[in-house]
Amino acid sequence: MNIHEYQAKELLKSYGIPVPPGEVVYSDRAAARVAEELGGSRWVVKAQIHAGGRGKGGGVKLANSVGKVADLADQMIGSTLVTAQTGDAGKRVQRVLIERASRIDREFYLGMIVDRVSQKIVVIASAEGGVDIEQVATERPDAIHTEHVDPGVGLLDFQCRKVATAIGLANRAASFTRLLKRIYRLFRDKDCLLLEINPFIVTEDGDLVALDCKMEFDDNALYRQSAVAELRDFEEEDPKEVDASGHGLNYVALDGNVGCIVNGAGLAMGTMDAIAHHGGRPANFLDVGGGASPEKIANAFRIVLTDPNVHAILVNIFAGINRCDWIAQGVVQATRDQRIDVPVIVRGDARRKFKDELQTGRAKMSICGTCDVGPAGKEGPSFWSAITYWSPNKTDLPPG
Ligand code: GDP
Ligand code: MN
């Protein structure tokens, strides 16, 4: 789960990590009021979306009058911002953060991630932070410093000093160490997967300040992070994923064109591999879980079909804790609830019962059938040849 920059900054602040004074607003009038309250003569207006690259995309702008703050807020709120991280469709800006502008002396990059390979938390730092960090990382990886932290031991002072020295902050090692340890504590306390401060600045007055912040949390830990869970902004998420989670379906949108409806995360991943192996690209990961009711299966169809890239659907069920007749009823129900113009290929173990149910409901279906995922055998056609065999609107059953 991701949160907005202004929310991340509130968390940083609550852990004693300095951030610029500011407030989030939803209108130009509120923007002007906040600028007045903050005082000073220069402000920054920042579009709040769950994507970076805003600086280069026009989503971070400086203003030197209250009127200009209001104008910028008015332009940004309601607009669609396209950055290197949003994809071509961009993201709609619903709110902006107004801050007193900082006077930057130097910009650094500072991040923490959970590294699955080393099973440690890795601190990542660079003296060349700011909007070009991706370019620095690919062109001059030696400008990026990493420090592995054993979570059982915690972040030690000498490691903080090492990082400080590596990025040219040896003269501020004591204050940097204090800050880094606070960031680490926040990271651990809140079950973060990623915490990125880019840029982390030294101001002209010599203060260390977090000028931007991105935080990502482990969804599996949200059950014990209710305060974090409340920060979730559903508007920023894929509506299909939000819809699916509301129905207890484990759905992740992908960019292929074969929709997958599968039970069990392992089989779902195996199915995606099989599709890729046969030259296709999965449009989604979807685990319907155990004991899936017909309604749940019908919802799975509905959600998978809201993706316009889906050109075919593969239902792959290994009936252990699921009832195949329920799955089949769900498939039939789905075809009654809506018109399905793409080929649907159903594969199920406990096939007999499965097939019977599908056959019974067949009159109402545009297409149905059973097959093996692998190459064609005496059990039926291969999944992939089935896909190519069927074209939209064909109502006949495949061979085999
Ligand atoms: P991102 O592009 O989405 O990562 O947005 P950031 O919040 O990192 O802002 C992009 C860039 O805008 C920063 O790297 C800074 O150079 C600049 N910027 C942001 N806030 C301020 C500010 O208060 N003062 C000045 N001078 N520049 C700022
Ligand atoms: Mn940034």
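The values are calculated or read from the model by the stated rules, or taken from the named source; none is laboratory data. None of these values were measured; they are calculated from a predicted model. Using ideal geometry, Cβ is built from the backbone for each residue, glycine included, and neighbour counts are taken over all protein chains shown. Surface accessibility is based on the protein's heavy atoms, side chains included, excluding ligands, DNA and RNA. Shrake-Rupley method; radii C 1.70, N 1.55, O 1.52, S 1.80 Å.
Worth a mention:
- For region 281-334, the dipole from Cβ point charges (+1 on Lys and Arg, -1 on Asp and Glu) about the Cα centre works out to 40 debye, to the nearest 20.
- Most positive-pole-ward Cα, Ala265, Asn64, Leu155, against dipole of the chain from beta carbon charges: Ala265
- Magnitude of the charge dipole, the chain, Cβ model with Lys/Arg +1 and Asp/Glu -1, debye to 20: 500
- Note on the chain: with a GNM built from Cα contacts shorter than 10 Å, the maximum mean-square fluctuation among Val342, Val69, Val34 falls on Val342.
- Remark: region 1-114 carries 46 Å² of accessible area per residue (probe radius 1.4 Å; ligands, DNA and RNA excluded).
- Gaussian network model of the chain, springs between alpha carbon atoms under 10 Å - residue of Val262, Val44, Val153 with greatest fluctuation: Val153
- Electrostatic dipole magnitude of region 215-333 [Cβ: Lys, Arg +1; Asp, Glu -1; Cα centre; debye, to 20]: 600
- Take region 166-219 with all the other protein chains still there, run a 1.4 Å probe, and you get 40 Å² of accessible area per residue.
- For GluC sites (Glu not before Pro), no site in region 19-122 is both called loop by DSSP and has at most 10 other Cβ atoms within 10 Å.
- Top of Ala35, Ala253, Ala51 by mean-square fluctuation, Gaussian network on the chain, Cα under 10 Å: Ala253
- Per residue, in Å², the accessible surface of region 241-344 once ligands and nucleic acids are set aside, probe 1.4 Å: 39
- Of the solvent-accessible surface of region 223-297, computed with a 1.4 Å probe over protein heavy atoms with every protein chain present, carbon and sulfur atoms account for 52 percent.
- Of all DSSP beta bridges in region 196-300, antiparallel share, percent nearest 5: 80
- Shown for region 42-131: the carbon plus sulfur share of the solvent-accessible area, taken with all protein chains present and a 1.4 angstrom probe, equals 46%.
- Selection from His145, Ile317, Ile17, by position along the positive dipole direction of the chain (Cβ): Ile317
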